[in-house]
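Participant: If you scroll down you'll find the structure; I have some questions about it.
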Amino acid sequence: ELSYCLEIDAHFAEDGLERLVDRSLATQVTARQGYAEPLISFGLFELVRLFSDERRSEEDAPEAIIEFKRRFATYMRDRLARINSGGSASDPRLALDPAPVLTALQLAREHYWLDLGVELATGLSSLLKPSTEPYRLQMVHELLVELYLCSGDKTKAIQACLQHAAILKENSCLPEAIDAARTARKIAYRHELL
């Protein structure tokens, strides 16, 4: 992710991250899944993250920061598309942890990258299950509806609500399904589509 967003070689990015770990400025987590290659992820300690955020805003141009965020969101969309096309074995970490995609979705909403946000939301909602992750699924659904409304596509917002209601109904979440259907109706009335 880092090498893609910074447009640098992956080995160079990994080397830099490992140096941060060696200096106790970051953590490294290794997870094994069966006989597959171990998945390694890095994270900054909170104090280091706060310091780097402060320095970044002083040293980097706002346009460079926005471009970095857009590249991250695009990267997450592409990874999500590979998983949803049946290539989940190529990236099992994302299939297990949708947090980076949720971050990318929030960035898309924040910066009004409507098409990118819609792709992220629809892709992520197909990964999340109402029985195991109802709150994340609800959040993604609400963001999808908001993105459709921001883009002026009221019909797709209504369809998204009705599809969400059907999924919830299939999973025996009847009160939530009724709420989703009511939201579709409210949008239709508000925009005089009924």
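The values are calculated or read from the model by the stated rules, or taken from the named source; none is laboratory data. Computed from a prediction, not measured in an experiment: that's the story for all the values here. We place every Cβ from the backbone using ideal geometry, glycine too, and count neighbours over all the protein chains shown. Accessible surface areas use protein heavy atoms only, side chains included; no ligands, DNA or RNA. Shrake-Rupley method; radii C 1.70, N 1.55, O 1.52, S 1.80 Å.
Participant: Leaving ligands, DNA and RNA out of it, rank Arg182, Arg71 by accessible area with a 1.4 Å probe, largest first.
Facilitator: Most to least solvent-accessible, the answer reads Arg182, Arg71.
Participant: Among His164, His141, His111, determine the one that fluctuates most according to a GNM of the chain built with springs between C-alpha atoms less than 10 Å apart.
Facilitator: In this elastic network of the chain, the residue with the biggest mean-square fluctuation among His164, His141, His111 is His111.
Participant: Also, I was wondering about something else. Sorted from largest to smallest, which semi-axis lengths in Å does the alpha carbon gyration tensor of the stretch 91-194 give for its equivalent ellipsoid, taking the root of 5 times each eigenvalue?
Facilitator: So the equivalent ellipsoid measures 23, 19, 8 Å along its semi-axes.
Participant: Which value, in Å² and to the nearest 10, is the accessible area of Thr122 when all protein chains are kept and the probe is 1.4 Å?
Facilitator: Probe radius 1.4 Å; accessible area of Thr122 about 60 Å².
Participant: Can you tell me, using C-alpha contacts under 8 Å and at least 6 residues apart, the relative contact order of the chain as a whole percent?
Facilitator: So the answer I get is 12 percent.
Participant: While we're on this one: Please work out how much accessible surface Lys156 shows to a 1.4 Å probe, ignoring ligands, DNA and RNA, in Å² rounded to 10.
Facilitator: 90
Participant: Between the helical axis of 10-22 and the dominant principal axis of the chain, each derived from Cα atoms, what acute angle in degrees is found, rounded to the nearest 10?
Facilitator: Long axis of 10-22 versus the principal axis of the chain: about 70 degrees.
Participant: If I compute semi-axes √(5λ) of the Cα gyration tensor in Å from the structure I just sent, which labelled value in [x] 35, 21, 14; [y] 28, 23, 17; [z] 25, 19, 15 lines up?
Facilitator: Derived directly from the coordinates: [x].
Participant: Something else now. To the nearest 10 degrees, how steep is helix 62-82 against the longest Cα principal axis of the chain, on a 0 to 90 scale?
Facilitator: Relative to the chain, helix 62-82 is tipped by roughly 70 degrees.
Participant: Something else now. Taking only Cα atoms, what is the 0 to 90° angle, nearest 10, from helix 174-190's long axis to the longest principal axis of the chain?
Facilitator: It works out to around 80 degrees.
Participant: Something else about it: May I ask you to compute the full-extension gain from Asp97 to Leu44, defined as 0.36 nm times their residue separation minus their alpha-carbon distance, rounded to one decimal in nm?
Facilitator: Taking Asp97 through Leu44 to full extension adds about 17.3 nm, to one decimal.
Participant: While we're on this one: Counting pairs of alpha carbon atoms under 8 Å apart in space and at least six apart in sequence, what relative contact order in percent does the stretch 123-194 give?
Facilitator: RCO, the stretch 123-194: 25 percent.
Participant: Would you list, by chain and number, the lysines whose Cα falls below 28 Å from the Cα of Lys169, excluding same-chain residues fewer than 8 positions away?
Facilitator: Reachable lysines: Lys129, Lys154, Lys156, Lys186.
Participant: Still on this structure: Which is the longest part of the chain that has none of the GluC sites (Glu not before Pro) sitting in a DSSP loop with at most 12 other Cβ atoms within 10 Å?
Facilitator: 8-191
Participant: Now for a different question. Using a Gaussian network model on the chain with a 10 Å cutoff between Cα atoms, which of Arg56, Arg136, Arg79 fluctuates the most?
Facilitator: Per the Cα network of the chain with a 10 Å cutoff, Arg56 tops the list.
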